[in-house]
Amino acid sequence: MSKFMLGCNYWASHAGTEMWRNWNEESVREDLKVLSKNGIEYLRVFPNWRDFQPVWPLFDGVGVVREYRVHEDKLPENKYYIDETMLQRFELFCDIAEEFGMKLIVGILTGFMSGRTFIPPALYGKDLFKDPVALNFEMKFIEGFVQRIKAKKAVYAWNPGNECNNLSKAEDYNTAEAWLGIICNAIRANDPTRQVISGMHGLSVEGVWRIDAQKAYTDMLTTHPYPYFVPHCTKDNFSDMRTLLHATTETKYYADLSGKPCLVEEIGNLGNMMCDEETAAGFLKTNMFSNWAHGSPGVIWWCANDQMMLETPPYCWNMCEVELGLLDKNRKEKPLLLEMKKFSEFVRNIDFELPKAHEDGVCLVTDGQDQWGAAYMTTLLAKMAKVNLKYAYASNGIPDSDVYMLPSVASLRMMPSYRYKELKQKIHDGATLYLSVNNPVISEFEELTGVRIKDSRTCYDGGTFEFSGKKMTYTKGRQFTLTETRAKVLCRDEKQNPLITVSEYGKGMVYFVNFPMETRLLDVPDIHKTDYSEVYRMIFEAKIANHVADSDVKCIGITEHHENENSAYIVLVNYSGNEVKTNLTIKPEYKIEKVIYGNIDNIAPYDATVIRVSK
C-alpha cells in the first residue's frame, strides 16, 4: 500500500444509508471488487446509529419512562442495546474489505448523514451533547461496538462519527469540547491501538467547534472541503486556481493550527450542475497532486457510487446527494475513478517518500477577523508569487520565522499584548513583517510602521493605484489619513495618501498596506488573472532568490522538498484547466537529475511535474 491514502466514502450501491437494514452481500462484494481494482485502498464507512442501536423508551402512566427496549418491545440482546444482526453484518463487511486489501475508517456514531439525522428513537428531541440519557447510550454504543469490531484487521481507524457537530446544536465551545473529549476517550478506552480521526469539518479558531479541541482529543484532523459549502470558494470556476487550491489550503490550515496531520476525508463537486465529469476528474487530479505535495496523509472522495436509483430520504430530499460517485449507477468507472487509479499507480511506483515542503514564512491569523478568508486569500497570492506559507494562530504563540504575514487585521483585539510584544521583538531582531489592515486598533502603530495616523473615518472608499508597473484597485471600509514619519512610501492613492509603505524596525523591516487587500479580494472573481501577488513577490524577494526553482506563470504552484543541502524534489502543480508552459528556471548550481513525472516544458490541464535536482 502507498503511504498516501486514496479512497472513498462508502454506502452500498443498492441501498445507500439503508444498506444495513437491506443487507446484500453480493452487491457489496461487487462494489468493493470494482473499487479495489481501480486503486481504492481506504473506505470510510458508517454503522447507521438508528439501525445498530434501535432503542425505544417504554412509558408507564403520565409519560414517565419505565424502561428501554429495542425494536419497540423486544428485550435487548446485550447490555449495549446493540442489534446482533447488524454487528454480524458489519463483521462480514470487514471480512469482505480484508479480502480486497482495503482498510476501513469507521464513523462510529453515525447519527447525521447527507442532511438527515439517524438516531435511536429513545433520543428523539434530546440534546445529544448534554442529555444524560443520550450520553449514557452513546457510551454504551461505543463500548459495545468497538469491543466487538476491533478484532477485525481491516479496521484502520475510528471516527467519533460523521460530522458530529450536526447531531445537535452545541451552545458553546465548552459543551462541544467536553462532548468530544468524552467520546474520544471512550473510544481509546476500548481500543488504544488505533487512531481516532476527527470526522468533522466546519472547524474554526474562535467558534463553537474549535481546531484546538480537535488537537486535544484526536490524532488526525479532517476536512470535507466542498467548495459549494465553504465560504469564499465558489467565486471562480472549478477549473480555476481559487477553487483548485481550496482543499489544500484548508487542510494545511487545519494541520498547521493544530500541529496534527489533516486528511482530506470527503471531497466532491456535488454533481453535474457544478461541472461536467471531465472537469470533476481534473479537479480531483489537481487535489491529489497538491495535497500530496503539501503533506496531507491522503484524499478520500465522496462517495463510491452514484445513488440516483434510491428513493428513501435523504436521497429523495436532496438532489445534491445522487450524482457524487466514482462509479455510475451501473458500476461503470467514471473519469474520476480512472484518475484516482492513475495517481494510485504513481504513488505506488515512486521509490521515495516526499520530504516536507520548504516554507518561506508564517501567516498569522488574529482575533476578530475573517480568519479563514484572510488565510485563504493569503495562500492564493503567495502561490502566485511562488511562496509557501505556514499558518499559526497569533494568540497561541509566534513561531520562529524570517517573514510574518498579518493579513487584513480587523479588530480591537488583534492578539494579546504579550504576543504582540513577542512578535515585535522578532521583527526588531531581524525578521520582516507584512501588515494589511481592515478596521483595527493597533497600539504603538507609528513606532512599528513608521507612519502616523493623522485622522480616520469609517467609510466606503476605493480607487486605483499602480505598483510594479501594474494598475490595480483598492477598497477599504475605514479611511486612515497617514503621515510618513520614518517610512518610505512605495505607492499612493489618487489623493496622495500613502497606500503601501516600508520602514525599518530595529534590524527588521515592516511593510504596511493601507487597505485590507486579502479580504477585499475574496469577492473579486478571476483572482488568478490579477497582479496583487506582485506585492508578495516584493516582500519575499530575498526568499525567492534562494529558491531552487521559479516560474512567472501564476497558476503554477511550486513546492521544494529538500533531502539534504545538495538535492531536492520539486513539484509543480498546474492549478488550472488549461495546458501551460512552465517557464521553469533552475538555479545555476543545480541540475535536473531526473524527471519523475510529467514534462518540464509544459503541464497538461490539472496535471503536475515532479523532478529531482542536485548540485
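Derivation of every value follows stated rules applied to the coordinates shown; laboratory data play no part. In this text, all values refer to a predicted model and were calculated from it rather than measured experimentally. Virtual Cβ from ideal backbone geometry, glycine too; neighbours counted across all protein chains shown.
List of remarks:
- Using distinct alpha-carbon pairs, which all enter the 1/r mean, Kirkwood radius of the range 504-615 in Å: 15.9 Å
- The percentage of C-alpha pairs in the range 301-382 whose separation is greater than 23 Å is 58%.
- Across all directions, the shadow cast by the convex hull of the range 212-266 built on its C-alpha atoms averages 3.8 square nanometres.
- Antiparallel %, DSSP beta bridges [both residues in the range 361-539], to 5: 60 percent
- Ordering ILE398, ILE427, SER456 by the projection of their Cα atoms onto the charge dipole of the range 357-464, which places +1 on the Cβ of Lys and Arg and -1 on the Cβ of Asp and Glu, puts SER456 at the extreme positive end.
- With the highest mean first, a sort of the peptides 587-595, 46-54, 309-317 on other beta-carbon atoms found within 10 angstrom per residue produces 46-54, 309-317, 587-595.
- Estimated translational D of the range 227-334 in µm²/s (Stokes, Kirkwood radius over Cα pairs; 4 °C; 1.567 mPa s): 88 µm²/s
- Between helix 173-190 and the chain: long-axis angle, C-alpha atoms, 0 to 90°, nearest 10: 50 degrees
- Karplus-derived HN-Hα couplings along the range 106-123 (A = 6.51, B = -1.76, C = 1.60, θ = phi - 60°), whole Hz, x at Gly and Pro: 9, x, 5, 8, 7, x, 10, 7, 6, x, 10, 8, 10, 10, x, x, 4, 9
- Relative to the dominant Cα principal axis of the chain, helix 371-384 is inclined by about 60°.
- Net dipole in debye of the range 361-539 [+1 Lys, Arg Cβ; -1 Asp, Glu Cβ; about Cα centre; nearest 20]: 80 debye
- Residues whose placed amide H lies under 5 Å from that of VAL55, excluding near-sequence neighbours: ALA122
- Fewest-first ranking of MET113, MET319, using other Cβ atoms within 10 Å as the exposure measure: MET319, MET113
- Highest mean packing comes first when the peptides 335-345, 486-496 are listed by Cβ atoms within 10 Å, giving 335-345, 486-496.
- Cα lying deepest toward the dipole's positive end in the chain, options VAL205, PRO407, PRO225, charges on Cβ: PRO407
- Modelled spin labels at GLU26 and SER567, positioned 7 Å past Cα toward Cβ, are 5.4 nm from each other.
- Among THR175, VAL155, PRO76 the positive-end extreme of the charge dipole of the chain (Cβ point charges): THR175
- Sites GLU593 and VAL441, calculated FRET efficiency, Cβ-Cβ separation with R0 41 Å, nearest 0.05: 0.20
- Modelled FRET efficiency - R0 30 Å, GLU484 with TYR173, Cβ distances, 0.05 increments: 0.10
- Each peptide in 399-406, 367-374 gets a packing score, the mean of other Cβ atoms within 10 Å over its residues, and the list from highest to lowest is 367-374, 399-406.
- Computed on the range 548-614, with alpha-carbon pairs under 8 angstrom and 6+ residues apart, the relative contact order is 36 percent.
- Helix 417-428 axis versus longest C-alpha principal axis of the chain: approximately 50°, rounded to the nearest ten.
- Between THR473 and LEU338, full extension at 0.36 nm per residue minus the direct alpha carbon distance yields a gain of 44.3 nm.
- A straight chain from LEU412 to THR312 at 0.36 nm per residue would run longer than the Cα-Cα distance by 31.0 nm.
- D by Stokes-Einstein for the range 337-382, Kirkwood Rh over Cα pairs, 4 °C, 1.567 mPa s: 92 µm²/s.
- Two-decimal log10 I(q)/I(0) for the range 376-533, as the Debye equation yields it once each C-alpha is a single scatterer, q = 0.08, 0.10, 0.15, 0.20 Å⁻¹: -0.22, -0.34, -0.82, -1.53
- Scattering profile of the chain at q = 0.06, 0.12 Å⁻¹ [log10 I(q)/I(0), Debye over alpha-carbon scatterers]: -0.35, -1.22
- Over the chain, Cα pairs under 8 Å with separation of 6+ residues give a relative contact order of 11 percent.
- Antiparallel content of DSSP bridges confined to the range 326-466, in %, to 5: 10 percent
- For the pair THR585 and ASP455, the difference between a 0.36 nm per residue extended length and the Cα-Cα distance amounts to 42.1 nm.
- Our coupling estimate for the range 572-586, obtained by passing each phi through the Karplus curve with A = 6.51, B = -1.76, C = 1.60 and θ = phi - 60°, is 10, 10, 8, 8, 7, x, 10, 5, 10, 6, 7, 6, 6, 10, 10 Hz, Gly and Pro reported as x.
- Size of charge dipole - the chain - debye, nearest 20, with Cβ of Lys, Arg +1 and Asp, Glu -1, no other charges: 920 debye
- With the alpha-carbon atoms of the range 548-614 aligned to their principal axes, the span from lowest to highest coordinate is 34, 20, 16 Å, starting with the largest.
- Considering only beta bridges that DSSP places wholly inside the chain, some 55 percent are antiparallel.
- Only Lys, Arg (+1) and Asp, Glu (-1) charged, at Cβ; the range 548-614 dipole about Cα centre in debye: 100 debye
- Taking the three principal axes of the alpha carbon atoms in the range 1-144, the coordinate ranges are 59, 28, 26 Å, sorted in descending order.
- Candidates per GluC sites (Glu not before Pro) in the range 128-191, loop by DSSP, up to 14 other Cβ within 10 Å: GLU171
- Zone residues, the range 286-315, relative to GLN195, backbone N less than 19 Å from point 7 Å out along Cα-to-Cβ: 288-302
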